[in-house]
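Structure first, commentary second.
Any read-out appearing in this document is the output of simple, stated calculations on the displayed coordinates, not a laboratory observation. In this text the structure is predicted, and so the values were computed from the model without any measurement. Neighbour counts are summed over all protein chains in view; Cβ atoms, including those assigned to glycine, are modelled from backbone coordinates with ideal geometry.
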């Protein structure tokens, strides 16, 4: 299977899982040994400033919502547009970091766009592929617009994109304009 790194997983409407139902996941890394991603549609009950003050004991220079990246615990993680503070480029212009010093630099520079996550999503070898095979997820290319947009409408928007792509494939349409709604 082709790597899904830099893609979005959108939960099928029939996926009723409490963690992943109506979710969109940005796949950060995918290889035969497993996959790692962040849920883009789950805003936490607190903001970054509160967590930052409690753990770093310094004021947070930029207050943003703290997102719940998935059910697995881990350090704070950030998806951002600052190449100077990146561990990894997810796709052109969108970067990932897990290092506190790099996240602090992004916050100090007030670099936006930015999403900060507590927790992450992970799949073992073959697990994500099995979930794709049984129809739990749709897949589409990630864009900065999707990654940094309003989480309240994201699932609906990405679901519509996947449905449109499948319809185009099913109908055998060869040349779809970039913005077909302008025709």
Margin query: Please give the Cα centre distance for the range 52-83 versus the range 1-31, rounded to the nearest Å.
Written below: 21
Check: Based on DSSP H runs of at least 4 residues, each adding -39500 (n - 2.57), what is the mean residue ellipticity at 222 nm of the chain after dividing by all its residues, to the nearest 500 deg cm²/dmol?
Finding: -8000 deg cm²/dmol
Margin query: With angles folded into 0 to 90 degrees, how steeply does helix 151-171 sit against the dominant principal axis of the chain? Use alpha carbons for both and round to 10.
Written below: 30
Margin query: Just want to confirm a number: the relative contact order over the range 7-182, from Cα pairs under 8 angstrom separated by 6+ residues, in percent.
Written below: 26
Notebook entry, point to check: With labels modelled as points extended 7 Å from the Cα through the Cβ direction, what inter-label distance (nm, one decimal) is found for residue 53 paired with residue 17?
Noted result: 3.5
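Sorted by packing (mean other beta-carbon atoms within 10 Å per residue), highest first, where do 132-138, 153-159, 37-43 land?
Values: 132-138: 15.0, 153-159: 17.0, 37-43: 22.1.
Ranked by mean Cβ neighbours within 10 Å, highest first: 37-43, 153-159, 132-138.
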Margin query: If I compute Rg/Rh (Cα atoms, Kirkwood Rh) from the structure I just sent, which labelled value in [x] 0.99; [y] 0.96; [z] 0.93 lines up?
Written below: [x]
